[in-house]
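> Before I ask anything, let me first share the structure, which is written out below as structure tokens.
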Amino acid sequence: MKKLASALALALVTCLCWAAPDAQRLLEESDAIRNPGQPFSVSVALAEFQNGRQTDSTSMVTFSRTLARDGQFASIVRFSSPARDAGKLMLKNGNEMWFFDPSNKASVRLSPQQRLMGQAANGDVVTVNLARDYTATLLAEEEVGNGEKQMRPSYKLGLTVATEDATYASIEFWIDIANKRPIKGRFFADSGRLLKTVYYRRYELQLGVQRPTEAVIIDGLNPRSVTLMRFSDYATKNLPITWFQRDYLPSFKPD
């Protein structure tokens with residue numbers, strides 16, 4: 001009986017040790033690495049490359065904070081360059097997205113899926129908690145190449161849409177087993193077509209956490225079409241929730 005009890009105890013410990021991790025929790029931990037937990041601003045620079053040559057660029061500052069009702073981020077994007085776009089704004093709040101031009105005071109409804117520049121969509125430059133928009137399932141544990149061309153043991157997650165304002169129909173997402181950092185994502189349309197592959201890289205200490213300061217976005221059909229997103233100058237900000245309304249855009253002055 002003692003031997004049987006010992007065997008059962010060992011089997012129980014073994015099962016506990018090999019229990020699959022909670023996929024949704026993994027996604028939440030990865031979100032916390034990409035996104036600060038308090039209202040913040042970050043500078044974003046986009047550069048488009050075709051066949052290795054830069055063809056376009058733009059820069060902006062994103063102001064983001066979570067919403068009390070569901071913990072998802074609301075964001076205002078203020079364009080800095082090129083000069084023709086300086087001062088223009090985009091607002092993402094829930095499933096609504098608006099573009100505002102201060103020169104004519106007009107606001108136009110946008111889709112997060114619309115391309116902003118190169119392979120970057122409007123929804124890519126706003127802050128998003130993936131764990132709020134998607135339900136995660138653990139697909140595998142495997143080694144995958146990261147943005148620095150190093151092989152890393154990872155959790156591969158399958159993400160399916162959980163809210164109507166999600167930018168992509170489904171996502172395959174790789175998270176580093178050792179530190180829960182996002183490594184790579186493959187983003188799909190409703191049809192199942194691969195839209196883009198994104199590598200998260202160049203981790204630096206920003207607001208107390210090692211965060212990716214670059215995202216490399218590769219077109220799903222043409223791997224020679226690449227957009228580079230650079231993130232810098234993270235800063236905590238006082239961002240009242242009243243700012244994140246369409247009617248407030250003409251008055252938006254964060255400085």
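> Name the single residue that is nearest to Arg211 (Cα to Cα) among those in the stretch 20-58 being surrounded by fewer than 18 Cβ atoms within 10 Å (Cβ to Cβ) and among the hydroxyl-bearing types (Ser, Thr, Tyr).
Looking at the filtered set, the residue picked out is Ser43.
> Give all pairs with beta carbons closer than 8 Å in which a residue from the stretch 51-65 that is farther than 30 Å from Thr236 by Cβ and part of a strand (DSSP E or B) meets a residue that is modelled with pLDDT of 95 or more and charged (D, E, K, R); count only pairs at least 6 apart in sequence or on separate chains.
Sorted first by the residue in the stretch 51-65, then by its partner, the pairs are Gln54/Glu48; Thr55/Glu48; Asp56/Glu48.
> Hey, another quick one. Kindly check whether there is at least one residue in the stretch 152-166 that is closer than 21 Å to Arg230 by Cβ, of a type in the set (Gly, Ala, Ser), at pLDDT below 95 and surrounded by 14 or more Cβ atoms within 10 Å (Cβ to Cβ).
no
> Picking from Val77, Val126, which residue would you name as being of a type in the set (A, V, I, L, M), in a loop (DSSP other than H, G, I, E, B) and either at pLDDT below 90 or under 18 Å from Arg230 (Cβ atoms) (or both)?
Every option except Val126 fails the conditions.
> Determine whether Leu139 is modelled with pLDDT of 95 or more, more than 25 Å from Leu195 (Cα to Cα) and more than 15 Å from the chain's Cα centre (by Cα).
Here the answer is no, as Leu139 does not meet what is asked.
> Given the criterion free of Cβ contacts under 8 Å to residues at least 40 places away in the same chain and within 24 Å of Thr58 (Cβ to Cβ), identify the matching residue among Gln114, Gln119.
Being free of Cβ contacts under 8 Å to residues at least 40 places away in the same chain and within 24 Å of Thr58 (Cβ to Cβ) holds for just one of Gln114, Gln119, which is Gln114.
> Anything in the stretch 80-99 that is out of contact with any Pro (no Cβ under 6 Å at 6 or more places or on another chain) and either in a strand (DSSP E or B) or of a type in the set (S, T, N, Q) (or both)? List them, or say none. Walk me through it before giving the result.
Taking the stretch 80-99 and keeping what is out of contact with any Pro (no Cβ under 6 Å at 6 or more places or on another chain), we get 80-86, 88-96, 98-99.
Of everything in the stretch 80-99, those that are out of contact with any Pro (no Cβ under 6 Å at 6 or more places or on another chain) and either in a strand (DSSP E or B) or of a type in the set (S, T, N, Q) (or both) turn out to be Ser80, Ser81, Leu89, Met90, Leu91, Lys92, Asn93, Asn95, Glu96, Trp98, Phe99.
The values are calculated or read from the model by the stated rules, or taken from the named source; none is laboratory data. Since this is a predicted model, take the numbers as computed values, not measurements. Backbone-built Cβ (ideal geometry, glycine too); neighbour counts: all protein chains shown.
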